[in-house]
Amino acid sequence: MNSFDYYMPPRIHYGSGSLNKLSEIVSRYGNRCIIIGPEMNQFIRPIYERAEKILSSEGINFKCFYEVEPNPSTKTVLKAKKIAEEYNIDLIVAIGGGSTIDTSKMVASLYGNQNVDFTQLFKTNDYPFGIYPPIGPNPKPYVAISTTSGTGSQCTQAAVITDDVSHQKLTVFHQNHFAKEVIVDPELMLSLPKGLTASTAFDAFTHAFESYLNHRLAPHTMFMSEYAIKTIFNYLPKVLKENKIEYREELAYADTLAGQCLANGGAHLPHPISEVIGSSITSINHGQALAIVYPYFMDYHWKNEIDKYAFIARALDSSYESKTNEEAARQFNEIVTKFGYTSSTVPVTEGLHLKDFAIYLENNNLLVSAVMNERPEFKDFNRFVVPAEEVYAINSLYINGTVIVPKGYPITQKIIEDLGYPIKLVDSNEFKKIDGSLTCLSLRF
């Protein structure tokens with residue numbers, strides 16, 4: 001048996017109705033908190049009202065910060081931190097998915113730090129399993145209440161934040177980013193729209209699968225990964241057809257397991273690539289970005305882990321029992337692709353498609369490139385190569401035959417122009433207001 005480390009400090013309260021424990025949990029850490037959550041909408045409002053009522057009934061004082069956007073920025077973190085410090089909190093209550101919980105992690109860790117240097121943090125705290133010194137003089141505890149079944153953030157040490165300077169999604173790891181306590185109440189997920197249900201569940205699948213591919217997992221977390229993958233494949237199609245609490249319970253449990261696996265096994269290549277793709281793109285979430293990356297990743301990677309790919313393929317489809325390991329592993333991509341199409345809740349739209357983009361190895365670096373197969377002169381190997389850390393290729397919208405690109409993204413502009421599509425440049429503020437189809441997100445979720 002290989003040696004391993006395992007660390008999972010949060011106390012997890014799982015089950016329908018577990019939100020009712022909130023005041024009891026919060027009171028263990030103080031009587032004054034800030035509630036951090038996503039921007040107000042019809043789906044989250046009833047959850048906020050319920051949480052606020054529970055806290056108020058027990059005399060717990062709180063301030064609300066319901067301003068977290070998808071792919072939260074460093075600016076948002078600092079704004080929430082300032083409010084928390086002015087209110088002199090004892091702890092933080094995070095209500096939401098990964099964006100909210102990651103914001104809360106940073107506010108909790110940075111509390112009292114009046115000279116925050118995000119550039120330095122992104123450089124120094126970049127290893128998932130490091131032991132780091134405190135990044136704030138008075139870090140605060142936080143309680144995580146997950147409202148999705150996919151991000152797993154409630155069980156990890158990672159905070160993914162979009163840097164306002166570079167416009168990149170970057171991760172700050174810290175052992176203190178683990179929540180003190182976690183509430184996983186599947187009742188809160190009944191109001192989750194189908195699109196977010198699908199994309200967050202795909203995210204949870206990737207957590208379980210990528211940590212399974214790595215070689216850090218303990219034997220018991222290997223079993224957790226396998227169970228989570230099977231559960232997601234079984235219950236996501238069911239919940240999209242019929243929004244039953246018993247289906248939500250299964251997905252919530254699978255997400256909790258997958259998050260623990262991610263925290264101890266780590267992600268694989270699709271995650272950093274998808275974070276590049278998702279940087280500063282208001283219309284795409286993490287699960288959608290992963291769905292773009294996965295067909296390419298699996299197509300080239302399966303040969304490196306034939307036994308693992310084959311094992312999971314057979315666990316999901318018994319017909320693969322009669323096939324060789326190599327056959328089962330090679331065809332696992334087909335299972336995942338079929339799963340993605342089955343779970344799709346966004347209609348196919350005209351525009352650039354996945355075939356316009358390739359992920360491949362060059363000098364041992366995984367790169368993303370726009371393949372110019374729309375133009376005869378580029379039909380062979382010629383391509384405009386963009387290193388992964390510079391990709392903004394899908395930060396654009398396709399509307400009425402024209403690709404809309406925000407100003408300030410020359411790489412995006414170059415790729416679209418070289419693909420031969422009509423292009424229109426607009427100010428970034430105008431771009432955010434446009435309702436259109438992402439040019440390269442035409443097939444999944």
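The values are calculated or read from the model by the stated rules, or taken from the named source; none is laboratory data. Keep in mind that what you see is a predicted model, and the values were worked out from it rather than measured. Positions of Cβ are backbone-derived with ideal geometry, glycine not excepted, and every protein chain shown enters the neighbour counts.
For segment 9-38, what are the residues that are of a type outside the set (Gly, Ala, Ser), more than 23 Å from LEU190 (Cβ to Cβ) and surrounded by 14 or more Cβ atoms within 10 Å (Cβ to Cβ)?
PRO10, VAL26, TYR29, ASN31, ARG32, CYS33, ILE34
Among the residues of segment 120-136, which ones are assigned to a loop (DSSP other than H, G, I, E, B), more than 20 Å from the chain's Cα centre (by Cα) and not small (Gly, Ala, Ser)? Full working, then the answer.
At the first step, the residues of segment 120-136 found to be assigned to a loop (DSSP other than H, G, I, E, B) are 125-136.
Next, only the ones that are more than 20 Å from the chain's Cα centre (by Cα) stay: 130-136.
Correct list: ILE131, TYR132, PRO133, PRO134, ILE135.
Just one of the numbered conditions (1) assigned by TED's automatic domain parsing to the domain that holds PHE311; (2) closer than 30 Å to SER3 by Cβ; (3) hydrophobic (A, V, I, L, M, F, W, C); (4) under 17 Å from the mean Cα position of the chain (by Cα) is not true of ALA198; which one?
The single condition ALA198 does not satisfy is (2).
Here are the criteria: (1) in contact (Cβ under 8 Å) with a residue 24 or more places away in the chain; (2) surrounded by fewer than 22 Cβ atoms within 10 Å (Cβ to Cβ). Tell me which single one ALA208 does not satisfy.
(2)
Step by step: first the residues of segment 2-37, then only those that are in the same structural domain as GLU49 (by TED's automatic domain parsing) and of a type in the set (S, T, N, Q), then the one that is farthest from THR147 (Cα to Cα). Which residue is that?
ASN31
If you go through segment 72-93 one residue at a time, do you hit one that is in contact (Cβ under 8 Å) with a residue 12 or more places away in the chain, closer than 30 Å to THR197 by Cβ, among the small types (Gly, Ala, Ser) and out of contact with any Leu (no Cβ under 9 Å at 6 or more places or on another chain)?
Yes, that holds for at least one residue.
In the set ILE83, ILE47, which member is surrounded by 14 or more Cβ atoms within 10 Å (Cβ to Cβ), within 28 Å of GLY287 (Cβ to Cβ) and outside the structural domain of LEU257 (by TED's automatic domain parsing)?
On the way: ILE83 fails: within 28 Å of GLY287 (Cβ to Cβ).
Result: ILE47 is the single residue among ILE83, ILE47 that is surrounded by 14 or more Cβ atoms within 10 Å (Cβ to Cβ), within 28 Å of GLY287 (Cβ to Cβ) and outside the structural domain of LEU257 (by TED's automatic domain parsing).
Can you name every residue in segment 300-314 that is within 19 Å of ILE232 (Cβ to Cβ) and either at pLDDT below 90 or aromatic (Phe, Trp, Tyr) (or both)?
TYR309, PHE311, listed by residue number.
Considering only residues of segment 315-349 that are under 20 Å from LYS238 (Cα atoms) and among the polar types (S, T, N, Q), which is modelled with the lowest pLDDT?
Among those that are under 20 Å from LYS238 (Cα atoms) and among the polar types (S, T, N, Q), it is THR345.
Pick from segment 261-286 the residues that are modelled with pLDDT under 80 and of a type in the set (Gly, Ala, Ser): which of them is surrounded by the most Cβ atoms within 10 Å (Cβ to Cβ)?
SER274
Looking at the structure I just gave you, is SER191 under 20 Å from the mean Cα position of the chain (by Cα) and part of a helix (DSSP H, G or I)?
No: the conditions fail for SER191.
Give me the pairs, please: first residue somewhere in segment 45-65 and farther than 11 Å from ARG32 by Cα, second residue anywhere and at pLDDT below 95 and surrounded by 12 or more Cβ atoms within 10 Å (Cβ to Cβ), beta-carbon distance under 7 Å, and either six or more positions apart or on two chains.
Close Cβ pairs (under 7 Å, with a partner that is at pLDDT below 95 and surrounded by 12 or more Cβ atoms within 10 Å (Cβ to Cβ)) amount to PRO46/SER191.
Quick one: how many residues across segment 240-251 are assigned to a helix (DSSP H, G or I), surrounded by fewer than 24 Cβ atoms within 10 Å (Cβ to Cβ) and either within 20 Å of the chain's Cα centre (by Cα) or modelled with pLDDT of 95 or more (or both)?
7
Residue under question is PRO139, and the condition is that it be touching a Ser or Thr at 6+ places or on another chain (Cβ under 8 Å), part of a loop (DSSP other than H, G, I, E, B), in the same structural domain as ALA94 (by TED's automatic domain parsing) and without any contact (Cβ under 8 Å) to a residue 60 or more places away in the chain; does it hold?
It is true that PRO139 is touching a Ser or Thr at 6+ places or on another chain (Cβ under 8 Å), part of a loop (DSSP other than H, G, I, E, B), in the same structural domain as ALA94 (by TED's automatic domain parsing) and without any contact (Cβ under 8 Å) to a residue 60 or more places away in the chain.
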